[in-house]
Amino acid sequence: MTKRIFRSICTVALIVFAASLILIMGVLYSYFSQVQKSQLKMQTNLAAQGVNREGLEYFDGLSTENYRITWIAADGAVLYDSKTVPSEMENHLEREEIVEAMQNGYGESARYSVTLMERSLYSAKLLNDGSVLRLSISQNTVLTLLLGMAQPICIVFIIAVVLSMVLASRLSKKVVRPLNELNLDEPLSNEGYEELNPLLKRIDSQQRELKRQDAELRHKKEEFDAVTKSMNEGLVLLNEKGTILSINPSAMRLLGTDSGCVRKNLLEVNRNIKIQEMLKTAFHGENAEAVIELAEGTYQFDVNPAYEDGAVSGAVLLIFDVTEKEKAEEMRREFTANVSHELKTPLHSISGYAELMKNGMVREADTVRFAEKIYTEAQRMICLVEDIIRLSRLDEGGEDMKREEVELLSLAEGVKKSLEAEAAQAQVEVIVCGEPVVISGIPQLLNGIVYNLCDNAIKYNKLGGQVLVDICSGESGATVTVKDTGIGISPEHQNRIFERFYRVDKSHSKEVGGTGLGLSIVKHAAKIHNAEIRLQSVAGQGTEISITFPWQGP
Ligand code: ADP
């Protein structure tokens, strides 16, 4: 802008300078021409008086340096000429100024020379004898004048150019300075040009609108960040090139990156081929999902395309933790397979024995034995089904079961009573000792815990062995300890015996009527009571399992 103003001012100054020069030259030229003309007329009159009085003698010794004097007879013949020999000159009767002088007593004319560089002024006066005296003077034309003044004009021109450049530069800077110094942060505080006020008002209102929109956007972004930050699910927003626009902390953790990944391509952050393929699908306008195993677990990735004006403008990637779900699914599958397997064995036995009996292949004397076998297998199935039902109820969390005050010592006495037959059969002595302790819990589950522990302690005991059930209370809670002098559990099995259908010795377990679910039930029931299980066992010596119920239940 400064340059434009500078150039405009310079151009205007130069045009004004040239126009002034032309005008002044014109005016001066016409003024000086007039002066010259009137002087020439006056001198012609003076000379005419001299010639009238003295005739040809007037010209003797006359100095005519700047003038040319010509005396023309009434017939046009030249009688005297100060520059040329009169006889060589042609007849002058036709000359404009001579004709005029002969008619009016005085005549004038002006003629340009061939080169147009010079102009001659003629002034003629009629003398008393009818002859005419003519004075002529040569005058410079404007062109000559200009050429003659070229040097001073050039100097003046250069001065004018320099002056106008200096002034233009200062002026343009002065004009532009208030514009450069405009405070656009507070447009209405400016006091420069009045003409700028509508523009400044407009800028002010637009700035206010921008600030409002900015605050609104920031507020929305903060809301969005707050929501996505607290999400357990990973959320990644991508543009149409796969560049990360936004990523929440969960997604950063799962993809093993940090906040520096924003503005980077997802490909640079994670090279998982499945994710890349899903992104491609989303960019083609279709939803995609896949379950991917990451270091931390199993995750479901959902990629959905985002649209703008009907075209795919990006994608939204959602990552859900499905580790527990997958585990539960896996456990369910395993459990179903185990249950089918466990049920199949007694069913095959029952079916086999029954078939033999049906075909009359069993002797009369063996019928009772066979019936007993069928009964035992059926009992095993009943136990198994009951345990499965118990477990599935426990899987639901036991929320529908009522909590009550339960006294553990009498509960243990009750269990001892109900297992009297088994203990007697296994020749195992069961001793209940300790103090009466009351806790808040679900009676059936607490009974199930003590029953299963005592049942195992009897089942996996030695002939003449002992089972000691101890109830005591401590700072951390009430503890039930079931200690036996049985076969014990070797260390490699100790971690696994609480798994469903896990048995150290399958055939021995079956022999003693085990389902492989007893300790799973104990583990679940203890979990519902927030109780802690501790196991100590030495193979061949015995096992001690203690469960501590915290005073404050869950
Ligand atoms: P089961 O119905 O087979 O007894 P459990 O879940 O109750 O199933 O126990 C799982 C396995 O743990 C048993 O098969 C047994 O091998 C072992 N076990 C449990 N309790 C004892 C114990 N007191 N002494 C020795 N082994 C035991």
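The values are calculated or read from the model by the stated rules, or taken from the named source; none is laboratory data. Remember, it's a predicted structure, so these values are computed and weren't measured experimentally. All Cβ positions, glycine included, derive from the backbone under ideal geometry; neighbour counts span all protein chains shown. These accessible areas exclude ligands, DNA and RNA; they are computed on the full protein's heavy atoms, side chains included. Shrake-Rupley method; radii C 1.70, N 1.55, O 1.52, S 1.80 Å.
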Self-check item: Projected area averaged over orientations for the stretch 303-370, convex hull of C-alpha atoms, nm²
Solution: 9.0
Exercise. Loop only per DSSP, at most 16 neighbouring Cβ atoms within 10 Å: give me the chymotrypsin sites (Phe, Trp or Tyr not before Pro) in the stretch 135-232, ordered by residue number.
Key: 193
Self-check item: Viscosity 1.306 mPa s, 10 °C: Kirkwood-radius Stokes-Einstein D of the stretch 161-260 over Cα pairs, µm²/s
Solution: 86
Practice problem: Report, to the nearest whole %, how much of the accessible area of the stretch 95-248 belongs to carbon and sulfur atoms, 1.4 Å probe, protein only. | Solution: 58
Quiz item: With N residues in the stretch 295-421, what two-decimal value do you get for its Cα radius of gyration over 2.2 N^0.38 Å?
Solution: 1.92
Quiz item: Given the stretch 48-98, what whole percent of its Cα pairs are spread farther than 16 Å?
Solution: 42
Exercise. Would you mind working out the accessible area per residue for the chain, using a 1.4 Å probe, and quoting it in Å²?
Key: 61
Exercise. Report the equivalent ellipsoid semi-axes for the stretch 467-531 in whole Å, largest first, defined as the square roots of five times the eigenvalues of the gyration tensor built from alpha carbon atoms.
Key: 24, 15, 11
Practice problem: Could you pull out the GluC sites (Glu not before Pro) across the stretch 262-305 that fall in loop regions by DSSP (anything but H, G, I, E, B) with no more than 16 other Cβ atoms inside 10 Å? | Solution: 286, 296
Self-check item: Rg/Rg_globular for the stretch 1-140, with Rg_globular taken as 2.2 N^0.38 Å and Rg from C-alpha atoms
Solution: 1.51
Quiz prompt | Given the chain, longest segment not containing exposed loop trypsin sites (Lys or Arg not before Pro) (DSSP; at most 14 other Cβ within 10 Å) | solution = 84-240
Practice problem: Express the relative contact order of the stretch 163-320 as a whole percentage, based on alpha carbon pairs under 8 Å and six or more residues apart in sequence. | Solution: 17
Quiz item: Can you give the relative contact order of the chain as a percent, counting alpha carbon pairs under 8 Å and 6+ residues apart?
Solution: 7
Quiz item: What are the principal axis extents of the Cα atoms in the stretch 502-554, in Å, biggest first?
Solution: 41, 23, 13
Quiz prompt | Where GluC sites (Glu not before Pro) fall in DSSP loop in the stretch 137-202, at most 11 other Cβ within 10 Å | solution = 181, 191
Quiz item: Taking only the alpha carbons of the stretch 261-356, what extent do you get along each of the three principal axes, in Å, biggest first?
Solution: 77, 30, 18
Exercise. Take the Cα atoms of the stretch 74-163, build their convex hull, and give its volume per residue in Å³.
Key: 124
Exercise. Express in % the proportion of alpha carbon pairs of the stretch 343-387 at distances exceeding 12 Å.
Key: 58
Practice problem: Return the tail of the calculated pair distribution for the chain, meaning the percent of Cα-Cα pairs more than 34 Å apart. | Solution: 73
Quiz item: Hey, any idea what the orientation-averaged projected area of the convex hull of the stretch 445-554's Cα atoms comes to, in nm²?
Solution: 6.6
Self-check item: Alpha-carbon Rg/Rh ratio, for the stretch 419-502, with Rh computed the Kirkwood way
Solution: 0.99
Quiz item: What is the Cα coordinate range of the stretch 373-515 on the first, second and third principal axes, sorted by size from largest, in whole angstrom?
Solution: 44, 37, 32
Self-check item: Two-decimal Rg/Rh across the stretch 104-204, once Rg and the Kirkwood Rh are taken from alpha-carbon atoms
Solution: 1.56
Quiz prompt | q = 0.15, 0.17, 0.19, 0.23 Å⁻¹, the stretch 377-454: log10 I(q)/I(0) [Debye, one scatterer per Cα] | solution = -0.66, -0.81, -0.96, -1.14
Quiz item: So what's the projected area for the stretch 97-149, the Cα convex hull averaged over all directions, in nm²?
Solution: 3.9
Quiz prompt | Mean Cα-pair separation over length for the stretch 185-262, i.e. relative contact order, pairs under 8 Å, 6 or more apart, % | solution = 18
